[in-house]
1. Run the 1.4 Å probe and let me know the accessible area of residue 92, rounded to the nearest 10 Å².
2. Short version: ³J(HN,Hα) in whole Hz for each residue of the range 33-50, in order, from phi by Karplus 6.51 cos²θ - 1.76 cosθ + 1.60 (θ = phi - 60°), x for Gly and Pro, what are they?
3. Given the protein chains as shown and a 1.4 Å probe, how many square angstrom of residue 27 are accessible, to the nearest 10?
4. Note down the nm distance, to one decimal, between modelled labels 7 Å out along Cα→Cβ at residue 113 and at residue 182.
5. Starting from the Cα gyration tensor of the range 116-217, take the square roots of the eigenvalues, sort them a ≥ b ≥ c, and report rounded, prolate or oblate (rounded when a/c is under 1.5, otherwise prolate if a/b is larger than b/c, else oblate).
6. For the range 38-213, report the translational diffusion coefficient in µm²/s to the nearest whole number, using Stokes-Einstein at 25 °C, 0.890 mPa s, and a Kirkwood Rh over Cα pairs.
7. Quick check: Cα centre of the range 89-125 to Cα centre of the range 183-207, how many Å?
8. May I ask you to give the solvent-accessible area per residue for the range 100-217, in square angstrom, as obtained with a 1.4 angstrom probe?
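The values are calculated or read from the model by the stated rules, or taken from the named source; none is laboratory data. None of these values were measured; they are calculated from a predicted model. With ideal geometry, Cβ positions are generated from the backbone for all residues, glycine too; neighbour counts draw on all protein chains shown. Surface areas here come from the heavy atoms of the whole protein model, side chains and all, with no ligands, DNA or RNA. Shrake-Rupley method; radii C 1.70, N 1.55, O 1.52, S 1.80 Å.
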Amino acid sequence: MAEVVDVVSGRGGELVLRRDGDEFEVIANGVFLMDTRNGESERLLVTGAADRLGPGARILIGGLGVGFSLRAALDHPNVGEVVVVEREPAVLAWNREGPLRAVHGDALADVRVTVVEADLVAWLRETGETFDALCLDIDNGPEWTVTDGNAALYGDSGVDGLAERLRPGGVLAVWSAGTAPSFTERLRSRFPDVRVTEVPVPRGEPDVVWFAKMSGR
Ligand SMILES: C[S@@+](CC[C@H](N)C(=O)[O-])C[C@H]1O[C@@H](n2cnc3c(N)ncnc32)[C@H](O)[C@@H]1O
């Protein structure tokens, strides 16, 4: 039986951190968001992108969750710098000095990591920064967003905006809990190289990760 560790009113609604034995779960507005049990597809989101890049890559991870993607980035030989964009102060606190810190070995303290506390959708519109990879896992998928505002990321102008933040040869990686054929088509109409990878899970539909690579390097 899971015990509640913390309940906060976050920027995207109610957030609950629960402990079940040695594992932790994050619940957003009553819907399961993330737990510490597996993480295979969350790691692949980053390693699959970094495998397609050269050494010293600058990558963006949005959002932090329980830090599986961040840990995988820091452990990858091609990653030189990581910018984490996360909108929930409580998620940052649970990972910095709370119980999630042990999940990734205090990855936020790594000198290669910069944390931006912001809404990723708004931040991407405003920033002029560019990256070798954008590794995005802020929703259950392009067709099942956790908040309405996140949907803008996956539409025509959202994907155009993401492409503008990529350097030549850069990779857009997107995580989803299921397939989204129209999103695949949107990527294929803009990127010369699009791979769709399915990762089996113990129950239900496989997780899906898209890797869309720009031409250039
Ligand atoms: C499923 S979790 C990410 C899991 C992560 N890949 C990992 O390895 O643990 C989604 C994260 O995105 C954050 N998030 C959701 N919408 C966001 C937004 N618009 N901007 C920034 N972060 C957001 C949530 O607070 C949560 O921390």
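1. About 0 Å², ignoring ligands and nucleic acids.
2. 10, 6, 9, 9, 6, 10, x, 4, 6, 5, 6, 4, 3, 8, 5, x, 6, 5
3. 20 Å²
4. For residue 113 paired with residue 182, the spin-label model returns 3.6 nm.
5. Values: a/c = 1.79, a/b = 1.22, b/c = 1.46.
Oblate, because a/c is 1.5 or more while a/b does not exceed b/c.
6. Details: Rh = 16.0 Å.
Value of D from the Cα-based Kirkwood radius: 153 µm²/s.
7. If we compute the Cα centre of each part, the gap is 26 Å.
8. Working: 5610 Å² over 118 residues.
Ligands and nucleic acids excluded, the result is 48 Å² per residue.
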